[in-house]
1. Keeping the other protein chains in place, figure out the carbon and sulfur percent of the accessible area of region 120-210, with a 1.4 Å probe.
2. In deg cm²/dmol and to the nearest 500, what is the mean residue ellipticity at 222 nm of the chain if only DSSP H runs of at least 4 residues count, each as -39500 (n - 2.57), divided by the residue total?
3. Name the most mobile residue of Y283, Y140, Y253, meaning the one with the largest mean-square fluctuation, in a Gaussian network model of the chain with Cα contacts below 10 Å.
4. How large is the dipole of the chain about the Cα centre if only Lys and Arg carry +1 and Asp and Glu carry -1, each at its Cβ, rounded to the nearest 20 debye?
5. Accessible area per residue, 1.4 Å probe, Å², for the chain: what's the number?
6. Ranked highest first by the average count of other Cβ atoms within 10 Å around their residues, in what order do 110-119, 254-263 fall?
7. My understanding is that a pair violates if its Cα-Cα distance is over 27 Å; which of K39/K240; K58/K145; K146/K288; K129/K288; K38/K129 do that in this structure?
8. What does the accessible area of T130 come to, in Å² to the nearest 10, when a probe of 1.4 Å is used?
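The values are calculated or read from the model by the stated rules, or taken from the named source; none is laboratory data. Just so it is clear, the model here is predicted, and its values are computed rather than measured. Don't worry about glycine lacking a Cβ; one is built from the backbone with ideal geometry, like all the others, and counts go over all protein chains shown. Keep in mind that these areas ignore ligands, DNA and RNA; they rest on the heavy atoms of the full protein, side chains included. Shrake-Rupley method; radii C 1.70, N 1.55, O 1.52, S 1.80 Å.
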Amino acid sequence: MRYIPKRYTRKRFTEEQLNRANNIDLADMLRTQGEKLKKEGRVHRWMRYDSTTIYGNKWFRHSRRVGGGPIQFMQHFYNMEFVDAVKYLLNGEEGKVFTQAEHKPEVKPEFVMPELSKNMRRTFAYLIKTRKIDADIVQYFVDAKKIRETEKYHNVAFCGYDENGVMKQMHLRATEPDRKFFYDVDGSDKQYYFRHIGDDNEVYAFEAPIDMLSYITLNKEDWQHHSYVALGGVAIDALKNVLENNPNISKVYLCLDNDEAGDKTTERIGNELTENGVEWERYHPAFKDWNEDLKVIRNPETAPDFNMTM
């Protein structure tokens with residue numbers, strides 16, 4: 001079923017008001033409240049919640065893999081209802097006075113693919129030995145040039161392409177098990193995140209590429225006939241793109257993490273799909289994510305102290 005974007009209206013706020021609220025510079029706002037931020041390249045790290053990075057009017061809390069704009073920021077960190085969050089951002093009676101500094105809109109950087117390595121030994125070792133993904137699954141995506149390896153640091157690269165086969169997105173992840181590094185290459189277009197498009201009417205959506213590959217490994221029968229997409233976090237952009245460009249797809253399976261953030265994201269995306277007439281269902285892993293499920297099946301001794309039900 002083709003995805004038709006829906007315009008949302010709020011009786012209490014005009015579209016112009018919502019746009020202003022959603023374009024507040026979060027770093028400036030936090031500074032006026034006396035909060036400490038650390039500049040790291042083009043982003044700021046909020047020291048109160050040091051897993052949270054801020055870029056203009058966008059934020060992402062890496063520890064919980066959740067993010068969004070200013071309204072979601074006030075709801076998430078200050079436990080505000082939607083109306084109160086907007087009022088605060090618009091200098092309402094319940095909020096502090098905040099005058100935003102003048103900011104010129106930043107030009108999105110051009111996507112430039114990093115130099116790729118001719119040798120992918122580290123990528124194969126990481127995905128197969130460390131992450132326990134089946135070798136034939138990894139090889140399939142390598143042959144499709146959707147999994148690559150960078151020359152510098154030898155990170156695994158999960159690649160996304162547009163409708164014309166042009167690479168538009170690349171997500172990097174460290175291949176050393178003890179090094180926590182994951183990063184979308186500057187200029188990446190999130191709507192073209194890592195995916196596989198099959199020929200039937202089903203698409204399975206995941207938070208991250210490794211979740212997607214783990215699920216395929218666990219459910220290999222006729223897997224190539226289905227479609228799969230990584231969202232790159234909690235945004236719906238990549239799933240929208242799949243639905244818009246594949247009108248044969250009529251059923252969505254939301255396969256997000258089995259935690260609070262996954263629950264909230266499933267509810268939010270599910271509501272949007274329902275309002276657009278798209279049928280959907282939730283599949284969730286027994287443990288936190290699909291790779292943890294996979295590793296427990298490969299080595300049951302690593303399971304937490306509760307019974308796993310698939």
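1. Numbers: 2050 of 4180 Å².
C and S fraction of accessible area: 49 percent.
2. On the way: 10 runs with 88 residues, N = 310.
For the chain, the value works out to -8000 deg cm²/dmol.
3. Most flexible of the set in this elastic network: Y140.
4. Details: 47 positive and 50 negative charges, 189 e Å.
Here the chain has a charge dipole of around 900 debye.
5. Roughly 54 Å² per residue, with all protein chains present.
6. Values: 110-119: 11.9, 254-263: 19.8.
Put in order of decreasing packing, that is 254-263, 110-119.
7. Values: K39/K240 33 Å; K58/K145 31 Å; K146/K288 25 Å; K129/K288 20 Å; K38/K129 36 Å.
In this structure, K39/K240; K58/K145; K38/K129 exceed 27 Å between Cα atoms.
8. 50
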